[in-house]
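As structure tokens, the structure follows; a few thoughts come after it.
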Amino acid sequence: MTIGAQRSRVAAAPPPYTAGVTFRDRLLASLQAVQPVLDVPEVLIGGSQVPNLLEPAAASTLVVSQDVDVVVPVGRHQQVKAALTEIQGYTASEAEASVWLPDSPDRLEINFIGVDHSLREAAESYVLEDERLPLLVFGLLSHLRPGPRLEVAGLSLPLPRPAGLLIEKLLTDRSGLKGERDLLVALGLLLVARPEDIDELTASFAALSSDEQRGVLSSLGLLSLLKPLPEMPDPTAARDQVDSLLRRLEGGR
């Protein structure tokens with residue numbers, strides 16, 4: 001089962017929050033609250049907030065969702081659990097203990113997900129059972145590799161390299177609005193990617209299996225046809241960029 005199949009929730013309309021508080025403010029306040037977890041070695045910020053943070057000064061204009069994914073290696077699970085005691089302003093959801101909810105609408109929801117680099121197949125997954133912090137563990141997240149830490153607003157944030165996150169998002173099974181959201185995350189990454197990130201993506205693509213390559217190309221094809229969604233990155237404005245990448249990857253097969 002894949003990430004898209006197990007995590008079917010889509011971004012909801014944001015709750016009312018304090019006047020004058022921007023999405024960037026909410027994102028950085030959320031990350032400040034969970035900084036003790038982000039200081040655990042190998043933990044990464046994943047998902048839709050990475051392109052927001054990669055914008056100059058973490059401008060956060062590429063809003064796709066109202067939550068933050070924190071990727072926890074299974075080998076660091078106990079350290080992360082210990083760090084949770086230092087977090088204030090959040091409580092675990094009664095419905096899903098890996099989801100932590102803020103006590104203020106001025107911060108975002110935190111989703112803890114697991115990665116196990118020993119999984120042989122990217123599509124493999126399992127549940128790490130734990131009363132305090134259970135995790136859905138995904139082999140597909142093994143494509144993520146640590147990049148340089150981002151220093152912004154007094155925070156030290158562990159981000160993945162864009163190429164690996166792009167591969168993960170383009171390989172995630174998708175349907176409906178959740179699928180469109182994943183594609184828009186990929187679009188957001190393309191909008192902030194540097195030439196060296198695209199070179200790395202091309203090299204990573206060449207190392208994929210034939211089936212995985214077809215999956216990446218199919219997702220880029222869908223992205224090139226996607227219609228705009230309210231208050232999210234506009235795919236029609238980046239179609240030339242997506243088509244250029246599609247042609248480059250097809251030519252390197």
Please state the relative contact order of the chain as a whole percent: Cα pairs under 8 Å, 6+ residues apart? 19
Around ASP25, under 13 Å between beta carbons, what's the net of Lys plus Arg minus Asp minus Glu among the other residues? +2
Cut-off under 5 Å, modelled amide H: who pairs with GLY147 long-range: LEU159, ARG161
Can you give the Kirkwood hydrodynamic radius of region 107-150 from its Cα pairs, in Å with one decimal? 11.8
Could you tell me which of rounded, prolate or oblate describes region 59-176, using a ≥ b ≥ c as the square roots of the eigenvalues of the alpha-carbon gyration tensor, with rounded for a/c under 1.5 and, failing that, prolate when a/b is larger than b/c and oblate otherwise? rounded
What do you get for Rg/Rh over region 3-251 if you use C-alpha atoms and the Kirkwood form of Rh? 0.94
For VAL127 and ALA57 in one chain, what is 0.36 nm times their gap in residues minus the Cα-Cα distance, to one decimal in nm? 21.6 nm
Label point distance in nm, ASP243-ARG145, each placed 7 Å from Cα along Cα→Cβ: 3.1
Isotropically averaged projected area of region 115-215, using the convex hull of Cα atoms (one quarter of hull area), nm²: 8.4
Of the beta bridges DSSP finds with both residues in region 3-251, what % are antiparallel, to the nearest 5? 65
Selected from LEU183, ALA82, LEU28, residue furthest toward positive end of dipole (region 3-251; charges at beta carbon): LEU183
Under Karplus coefficients 6.51, -1.76 and 1.60, residue-wise ³J(HN,Hα) of region 207-214 in Hz, glycine/proline x: 8, 6, 5, 4, 5, 5, 4, 4
Potential lengthening between ARG214 and ALA95 on full extension [0.36 nm per residue; Cα-Cα distance subtracted]: 39.2 nm
Quote the FRET efficiency, to the nearest 0.05, computed for LEU229 versus ASP25 with a Förster distance R0 of 22 Å and r equal to the Cβ-Cβ distance. 0.45
Cross-link candidates for LYS227: which lysines have Cα within less than 28 Å, leaving aside residues fewer than 8 places away along the same chain? LYS169, LYS178
What number comes out for the charge environment of GLU131, summing +1 per Lys or Arg and -1 per Asp or Glu over other residues with Cβ under 14 Å away? -2
Residue among GLY164, LEU62, THR91 farthest towards the positive dipole end of region 3-251, charges placed on Cβ: LEU62
Size of electric dipole in the chain: Cβ of Lys, Arg +1 and of Asp, Glu -1, about Cα centre, debye, nearest 20: 420
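Only the coordinates and a few stated rules stand behind these numbers; no lab work does. All values derive from a computational prediction rather than experimental measurement. With ideal geometry, Cβ positions are generated from the backbone for all residues, glycine too; neighbour counts draw on all protein chains shown.
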